[in-house]
Structure formats: C-alpha cells, structure tokens
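Worksheet for the structure shown next.
The values are calculated or read from the model by the stated rules, or taken from the named source; none is laboratory data. Just so it is clear, the structure is predicted and the values come from calculations on it, not from any experiment. Reconstructed Cβ throughout: ideal geometry from the backbone, glycine too, with neighbour counts over all protein chains shown. Side chains are part of the model used for accessible areas, which takes the heavy atoms of the whole protein and leaves out ligands, DNA and RNA. Shrake-Rupley method; radii C 1.70, N 1.55, O 1.52, S 1.80 Å.
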Amino acid sequence: MMPEKLNPAEEVIEFIKTSRHPLSDVMLAIRNTILNTDDLISEHIKWNAPAFYYNGEMAAFNAKEYRRDIVVYNIRKDDHILLIFPTGDVIEDTIGILEGNYTDGRRMITIKSMEDFTKKKEALQAVIKKWLDKVEK
C-alpha cells in the first residue's frame, strides 16, 4: 500500500522539519507569521522551497508573471534565510526592509537569526499586507 500523499501545508512543515538548515526554527517562525498575516495566503513547495501565494480571486494574467506568488524562501546559505518577493517592486516599502532593485521586479528580506526575525516581523507583515493591497481582482 502506498503512503498517503501530504497536502501542501504538510509538505511545507515536513520540508522545514527535515531541513538541515541551522535556522530551521526561524523558518518555522517565519512560516507561521506569514500565514497569520491574512487568510488569503496559502503555502506549498515551489522552486524546491517553502513558498506562499495569494489564494483569492484575481484578474486574468500570464502565469509567467508570478502575480499570485507573494514570497518564497531561499535557504542556499547556512547563515541566513532570504525571503524573495518575486513581484516585490509593486510594494511601496516606506519601512525600508526590502532589499535589492532587480530589473525582473524581485525584492528580498534577509533574516540572519531569530533575534533578527523578531525585529523584522512586523515590517514583514506590513509589506505582505501592502502586496495584498496591490492584487488586481
């Protein structure tokens, strides 16, 4: 008998639990914060990492524009977690937490420790809310 397939949320939790990344506890805290920001945020594994997306109604768009994708983890380095916002250039970052100015529209937040995350938690939620305000419905 084949094992039961995990749902997307279970896949994310399993990914984090089995991760050998030194900041896996921070990954879990970030996950909980993102999901608690709004009920219209869901999660899955995308690009081989936890990713969070808008699950509500949207105006039609080209899937290659990644308009549904809010933020995805990049955990390639052991000393930090990068939170990549594929369409972060739509966010008016009055707080100054978003880094980078890439021509493809990406912006990011670097998290180096639980203490660093705790300091950036409210700002992270604020930029996610601003992103959600820009969704074309």
Long-range lysine pairs (8 or more apart or interchain), the chain, Cα under 20 Å: 20
Kyte-Doolittle at least 0.0, axis length at least 27 Å by Cα - qualifying DSSP helices, the chain: none
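Report, in debye and to the nearest 20, how large the dipole of the chain comes out about its Cα centre when Lys and Arg carry +1 and Asp and Glu carry -1 on their Cβ.
Computed charge dipole of the chain: roughly 220 debye.
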Estimated inter-spin distance, His44 and Asp104, nm [label 7 Å along Cα→Cβ]: 1.9
Label-point separation in nm, Ile13 to Glu92, each point 7 Å along Cα→Cβ: 3.9
Accessible area of the chain belonging to carbon and sulfur atoms, whole % at 1.4 Å probe: 48
³J(HN,Hα) computed for each position of region 67-82 - Karplus, 6.51 cos²θ - 1.76 cosθ + 1.60, integer Hz, glycine/proline x: 5, 7, 6, 8, 8, 9, 6, 10, 10, 6, 9, 6, 9, 6, 10, 9
Quotient of C-alpha Rg and 2.2 N^0.38 Å, computed over the chain: 1.04
